[in-house]
Amino acid sequence: MDIGPSQSGRVLYEESRMTNQAAALVRRSNAGSQDELLALSEEFEALFVKIVLDSMRDTLSNDSLIPKNAGEKLFEDRLYDEYARVISKRANLGVAEMIYTQLSDYLPGEKVDIG
């Protein structure tokens, strides 16, 4: 797939936005509680699903009679954010559980029941 100038700018923007979100998650993870680690693990899973959905959406053809304006693009991006949150909560992908299980040993306190 050949990426044009407008698509490469969007890809760079999305990558920097995702990097900023991941950095914010890391900063928030310094609080140190097991509950917060579980919540951050779930947020990371949603972020992972969002990246996958964005990659899938980029494969769709943008050929349409009426081009999308900035508001429609913003709405669609937020819609996919919400799709990612819902999918990560309902699909039981296991990413959040794996992250929590791997990192929970390094935090004080009793582990949270993931079930």
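Just checking, does the stretch 67-81 include any residue being of a type in the set (K, R), modelled with pLDDT of 85 or more and part of a helix (DSSP H, G or I)? Yes, that holds for at least one residue. Here is a check on your reading of the model: is M1 modelled with pLDDT of 90 or more and surrounded by fewer than 15 Cβ atoms within 10 Å (Cβ to Cβ)? It is false that M1 is modelled with pLDDT of 90 or more and surrounded by fewer than 15 Cβ atoms within 10 Å (Cβ to Cβ).
Looking across the stretch 96-115, the residues that are over 19 Å from the mean Cα position of the chain (by Cα) and of a type in the set (S, T, Y) come down to T101, S104, Y106.
Would you say S61 is among the small types (G, A, S) and surrounded by 11 or more Cβ atoms within 10 Å (Cβ to Cβ)? Judged against the criteria, S61 is not a match. Considering the conditions (1) within 23 Å of Y13 (Cα to Cα); (2) out of contact with any Lys or Arg (no Cβ under 9 Å at 6 or more places or on another chain); (3) part of a helix (DSSP H, G or I); (4) not β-branched (V, I, T), R85 is excluded by exactly one of them, (2). With respect to K73, determine if the residue is over 17 Å from the mean Cα position of the chain (by Cα) and of a type outside the set (S, T, Y). Against the criterion (over 17 Å from the mean Cα position of the chain (by Cα) and of a type outside the set (S, T, Y)), K73 qualifies.
Residues that are without any contact (Cβ under 8 Å) to a residue 40 or more places away in the chain and over 18 Å from Y13 (Cα atoms): does the stretch 46-59 have at least one? No - not one qualifying residue is present in the stretch 46-59. Counting the residues of the stretch 70-97 that are touching a residue at least 40 places away in the same chain (Cβ under 8 Å) and within 20 Å of E36 (Cβ to Cβ) gives 5.
The values are calculated or read from the model by the stated rules, or taken from the named source; none is laboratory data. Since the model is a prediction, treat every value here as computed from it, not as a measurement. Here Cβ is always computed from backbone atoms with ideal geometry, including for glycine, and neighbour counts include all displayed protein chains.
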